[in-house]
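So the structure is just underneath, and the comments pick up after that.
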Amino acid sequence: RRGFLGALAGAAVAAPVGVAAAMAHPTAADAAAASSKNGTPAKFDFHGSHQAGILAPVRRSTALLALDVTAADRAGLQRLFQTITERARFLTSGTAAPEVGISTVPSDSGILGPDGVAGGLTVTVGVGASLFDGRFGLASVKPAKLRTMEDFEDDALDRSICDGDLLIQLEADDADVVTHGVRELLRATRGDMQLRWRRDGFSSPPRPSGTPRNLMGFKDGTSNPLTSDAKAMKELVWTHGGENGEPAWVEGGSYLAVRVIRMLVEFWDRIGLDEQQQIFGRFRGSGAPLTGTKEFDDPHYELDSTGAVIQFNAHIRLANPRTAATANQRMLRRAFNYDAGVDANGNLDQGLVFTAFNQDIERQFVTVQKRLAGEPLVDYISPIGGGYYFALPGVKNASDWFGKGLFA
Ligand code: HEM
């Protein structure tokens, strides 16, 4: 591993990944249902017990914003949450932007023209552990498992792209819709929050079918728990007030693990297909496990007890050994790819923004991440940033707002 990284001359290294929907797979059905007949992206309901962006299929374009709150006090933070809510409600509503005269102060960045807020946008809002540090008198209502992300073995974290008081993820099928949303949210909240770091990315269309591919060429997101399975979502994604030491207000929220993972694509592209497939335990072409033939076949570890077909340290076998004891460690992954150009040494700066929603970040993400330590994949990736956040419960109606429960 050191050799690989050394050869990159100590450059920050990043990685990609994809996500999402698939033909015979329920997330594909979700995607189909979410598209209108003429192919324009659908509108997602803003109001509900959960935020719409969590179970929605991964969209083509994503911006992930980590921000620090600069509002002076608790009242300022409350105002900030209300403004974010009001803008997100408007931006996701599918209504046209109001016409603005030249003598009027613009109420909109204008980059979408009269389509103002079109494009099936979702805006997902989370809070980081630092928001509960005492500035706003929120220590007593902190989600029980929320904390600052640690450095794991094999990490090369750049703390300037980690953590943050708030996390806002915008997703849509068109990049200009996402950019417009970013501009509008920042315009309306100027003075009360400040960008800390940001990562933009994309998800591919099915090639040729099934789940989109990450930038290592593998379908990514295949064996996610099904978003249509309410029981699984209740047990794996949503937090419940009063359970596991959680405060009441967290009902319907979810812990979000974000990892910005650079991919050492120059090295990856020089190894053979067989080695790549051994590393993941799946076929690159079809996405099927090496014990199967079709993408959504289950891997048969019970018939492969010596690891002759899918090696014991293959990514999928380590990540989910499919035992009764590890079933509650599954999480909802919604990763997307990034391509950030070139680094100072002339190497491609590409990777994966891994995001996963968890009911309990320790039981799920942290346990799995520790189990992945030293897997063969680590020679080809380098985690450089990210953080842990708590995705707030949904905004239930027109008089509700993000984070209202924090101030009860
Ligand atoms: C599965 C890629 C990082 C957890 C997969 C699959 C691929 C993949 C290709 C198989 C298809 C699928 O079921 O989605 C990658 C890449 C990564 C990365 C390229 C880094 C750049 C992570 C991290 C975690 C993780 C950080 C969690 C700590 C999982 C899990 C599965 C999976 C739980 C499903 C295993 C199963 O249920 O069979 N990943 N992954 N991955 N990955 Fe990753």
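The values are calculated or read from the model by the stated rules, or taken from the named source; none is laboratory data. Keep in mind that this is a model prediction, so the values were computed, not measured. All Cβ positions, glycine included, derive from the backbone under ideal geometry; neighbour counts span all protein chains shown. These area figures cover heavy atoms from the full protein model, side chains too; ligands, DNA and RNA do not enter into them. Shrake-Rupley method; radii C 1.70, N 1.55, O 1.52, S 1.80 Å.
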Legend entry - Odd one out for V342 among (1) without any contact (Cβ under 8 Å) to a residue 60 or more places away in the chain; (2) open to solvent by 10 Å² or more (accessible area, probe 1.4 Å); (3) within 14 Å of the ligand (Cβ to nearest atom): (3)
Inset, instruction - Tell me which residues, restricted to region 155-187, are among the acidic types (D, E) and modelled with pLDDT under 95. - result: D173, D174, D176, E184
Legend entry - Condition met for D155 (under 19 Å from the mean Cα position of the chain (by Cα), among the acidic types (D, E) and assigned to a loop (DSSP other than H, G, I, E, B)): yes
Inset, instruction - Return yes or no: is L392 within 16 Å of the ligand (Cβ to nearest atom), at pLDDT 95 or above and open to solvent by less than 40 Å² (accessible area, probe 1.4 Å)? - result: no
Legend entry - Residues being in contact (Cβ under 8 Å) with a residue 40 or more places away in the chain and open to solvent by 20 Å² or more (accessible area, probe 1.4 Å) - total across region 287-297: 1
Inset, instruction - Select from region 125-139 the residues that are open to solvent by 10 Å² or more (accessible area, probe 1.4 Å) and either touching a residue at least 60 places away in the same chain (Cβ under 8 Å) or in contact with a His (Cβ under 7 Å, 6 or more places away or on another chain) (or both) and list them in ascending order. - result: A129, S130, R135, G137
Inset, instruction - Report, by residue number, each residue of region 299-325 that is outside any loop (DSSP other than H, G, I, E, B), more than 20 Å from G374 (Cα to Cα) and open to solvent by less than 40 Å² (accessible area, probe 1.4 Å). - result: Y301
Legend entry - Residue check for A308: within 12 Å of the ligand (Cβ to nearest atom), modelled with pLDDT of 95 or more and not aromatic (F, W, Y): no
Inset, instruction - Would you list the helices (runs of 4 or more DSSP H) that sit entirely within region 213-298 and hold 1 or more residues that are away from the ligand (no atom under 14 Å from the Cβ), closer than 27 Å to A63 by Cβ and not hydroxyl-bearing (S, T, Y)? - result: 230-236, 265-268
Legend entry - Options S160, S209, S228, S203; residue that is open to solvent by 50 Å² or more (accessible area, probe 1.4 Å), polar (S, T, N, Q) and within 30 Å of R322 (Cα to Cα): S228
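Can you pull out the residues in region 200-212 that are among the polar types (S, T, N, Q) and either within 12 Å of the ligand (Cβ to nearest atom) or without any contact (Cβ under 8 Å) to a residue 12 or more places away in the chain (or both)?
Listed by number, the list holds a single entry, T211.
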Inset, instruction - Would you check if M149 is part of a loop (DSSP other than H, G, I, E, B), modelled with pLDDT of 95 or more, open to solvent by less than 10 Å² (accessible area, probe 1.4 Å) and among the hydrophobic types (A, V, I, L, M, F, W, C)? - result: yes
